[in-house]
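Asker: Structure incoming, see below.
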Amino acid sequence: MSDYRESAEAFARDTAGHEMTVLLDQGLHRHLRFQKPKSGNCWFEIVTWPGSLAIRGDIDGGYIFTRTTDMFEFFRRSGHNDTINPGYWAEKTEGGRDGCRSYSADRFRQRVAEYFDAHAEDDAFERAVVKLKELGLDGDNLDALPKAAAEECARATAAHMKAVREAFDKTIDGFWAEYNVEYEDEARNALNSFDFYDNPDDRYDPEKRPDFEFCNTWDWDFKDPGYWFLWCCHAIAWAIRQYDAAKSADKAEVAHA
């Protein structure tokens, strides 16, 4: 599970100097505003009523969460050691999980790297089977492959994967890149259009198949919790802590009065 450190740091920078103003505090009906004095930058407010919590302000839209009667108690209990729980919390928004997620180029690159790793394993297996048959050995018994032959297969797979990765990277990175994978449509086009031949001349032979291509990528999920949704999650968790601290201070003041 991610600790969402980067988003936490961004939220902390954006809200440095914010102060809480209690506009309403009547049981489950609360209206709290958080803002830096004499500044409207990244202000936000939280409103609760039985069964719901809304957050809005100088942010990209806002969210309404619905779950339990006291939503402050819901967020207190469902966080992870005073941190956020965006995957679970997204399920409780009116728009559902998909409304809280957005395309991530980092997630795209991660998924591509996972596919490369899986292909490398398959390639190594296929080369080993071919080598076993060339040696007149049982193609189902990889343990029978001599060490020198196994090392030869490993080197061939490594060279193949290095060439594949470099070829694909050229299509998405650098000044002459064909696709800008900061955008999901272009990222998917990059996958769909890419193929690789170990022997470049094979590309012009209609009977030859690529030695590498991306398959069945239509359902790959490149979405992560969106920047502003994470920001709002941090805001809610932090706001509740400020509210609780103020309540505790009020109780302590009354006790010592």
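Taken together, the values in this text are just the output of simple stated rules run on the coordinates, not laboratory data. What you are looking at is a predicted structure, and each value in this text was computed from that prediction instead of being measured. Don't worry about glycine lacking a Cβ; one is built from the backbone with ideal geometry, like all the others, and counts go over all protein chains shown.
Asker: Between Asp122 and Glu186, what length comes free when the chain is fully extended (0.36 nm per residue of separation minus the Cα-Cα distance, one decimal in nm)? List each step's numbers first, then the result.
Answerer: Working: separation 64, 0.36 × 64 = 23.04 nm, distance 2.73 nm.
Contour length minus the Cα-Cα distance gives 20.3 nm.
Asker: Could you give the distance between the Cα centres of segment 202-257 and segment 1-80, to the whole Å?
Answerer: 16
Asker: Would you please give the FRET efficiency between Thr83 and Lys208, computed as 1/(1 + (r/R0)^6) with r the Cβ-Cβ distance and R0 = 41 Å, to the nearest 0.05? If you can, show how the numbers build up before the last one.
Answerer: Values: r = 53 Å, r/R0 = 1.28.
Result of the calculation: an efficiency of 0.20.
Asker: What is the order of Trp231, Trp49, Trp176, fewest Cβ neighbours within 10 Å to most? Present the calculation step by step, with values, prior to reporting the outcome.
Answerer: Working: Trp231 22, Trp49 14, Trp176 7.
So the residues, fewest neighbours to most, are Trp176, Trp49, Trp231.
Asker: Something else: Fewest first, what order do Val22, Val112 take by the number of other Cβ atoms within 10 Å? Write down the numbers at each step before the final one.
Answerer: Details: Val22 11, Val112 23.
Final ranking by Cβ density, sparse to dense: Val22, Val112.
Asker: Also, I was wondering about something else. For Lys223, which aspartates and glutamates qualify as cross-link partners when the Cα separation must be under 18 Å and same-chain residues fewer than eight apart are set aside?
Answerer: Counting by Cα, and skipping residues close in sequence, Lys223 has these aspartates and glutamates nearby: Asp3, Glu6, Asp60, Glu91, Asp98, Asp106, Glu114, Glu182, Glu184, Asp185, Glu186.
Asker: Further, regarding this structure: Straight-line reach from Lys131: which lysines fall under 26 Å, measuring Cα to Cα and dropping same-chain residues less than 8 apart?
Answerer: Lys147, Lys162, Lys208
Asker: Right, here's the next one. For the chain, what does -39500 (n - 2.57) per DSSP helix run (n ≥ 4), summed and divided by total residues, give at 222 nm, in deg cm²/dmol to the nearest 500? Please report the intermediate quantities before stating the final value.
Answerer: On the way: 7 runs with 118 residues, N = 257.
About -15500 deg cm²/dmol.
Asker: Let me ask something else. Among Cys153, Cys232, which comes first, then next, by fewest other beta-carbon atoms within 10 Å? Spell out each step's value before the answer.
Answerer: Details: Cys153 22, Cys232 28.
Final ranking by Cβ density, sparse to dense: Cys153, Cys232.
Asker: Let me ask another. Along the Cα→Cβ direction, 7 angstrom out, place labels at Ala154 and Arg76. What is the inter-label distance in nm?
Answerer: 5.7
Asker: Cross-link candidates for Lys36: which lysines have Cα within less than 21 Å, leaving aside residues fewer than 8 places away along the same chain?
Answerer: Answer for Lys36, where 21 Å is the Cα cut-off: Lys247, listed by chain and number.
Asker: Between Phe212 and residues 5 or more places away or on another chain, which pairs have amide H atoms under 5 Å apart, with H built 1.01 Å from N, and which residues are they?
Answerer: Phe196
Asker: Now, a different point. Which of the following values of Rg and Dmax of the Cα atoms in Å was calculated from the structure shown: (i) 27.3, 93; (ii) 17.4, 51; (iii) 19.7, 60?
Answerer: (i)
Asker: Okay, next question. Going by average Cβ neighbours within 10 Å, how do the peptides 130-136, 184-190, 215-221, 55-61 rank, with the highest at the top? Spell out each step's value before the answer.
Answerer: Numbers: 130-136: 13.0, 184-190: 17.1, 215-221: 10.1, 55-61: 15.3.
In decreasing order of mean packing, 130-136, 184-190, 215-221, 55-61 become 184-190, 55-61, 130-136, 215-221.
Asker: Taking 0.36 nm per residue of sequence separation and subtracting the Cα-Cα distance, how much length would be gained by fully extending the chain between Asp201 and Ala163, in nm to one decimal?
Answerer: Details: separation 38, 0.36 × 38 = 13.68 nm, distance 1.53 nm.
Value of the extension gain: 12.2 nm.
Asker: At a Förster distance of 51 Å, what's the computed FRET efficiency of Asp140 paired with Ala16, Cβ-Cβ distance as r, to 0.05? Write out the running numbers ahead of the final one.
Answerer: Numbers: r = 64 Å, r/R0 = 1.25.
FRET efficiency, Asp140 to Ala16: 0.20.
Asker: Follow-up question, since we're still on this one. Which Cα, out of Phe11, Val129, Phe196, lies furthest along the positive dipole direction of the chain (beta carbon charges, K/R +1, D/E -1)?
Answerer: About the Cα centre, the residue reaching furthest to the positive side is Phe11.
Asker: Over segment 101-232, what is the mean sequence separation of C-alpha contacts under 8 Å (at least six apart), divided by residue count, expressed as relative contact order in percent?
Answerer: Values: 115 pairs, mean separation 42.2, N = 132.
Relative contact order comes out at 32 percent.
Asker: Going by alpha carbons, how many degrees (0 to 90, nearest 10) lie between the helix axis of 227-255 and the longest principal axis of the chain?
Answerer: It works out to around 30 degrees.
Asker: Compare the Cα positions of His29, Tyr115, Phe229 along the charge dipole of the chain (+1 at Cβ of Lys, Arg; -1 at Cβ of Asp, Glu; about the Cα centre) and return the one farthest towards the positive end.
Answerer: His29
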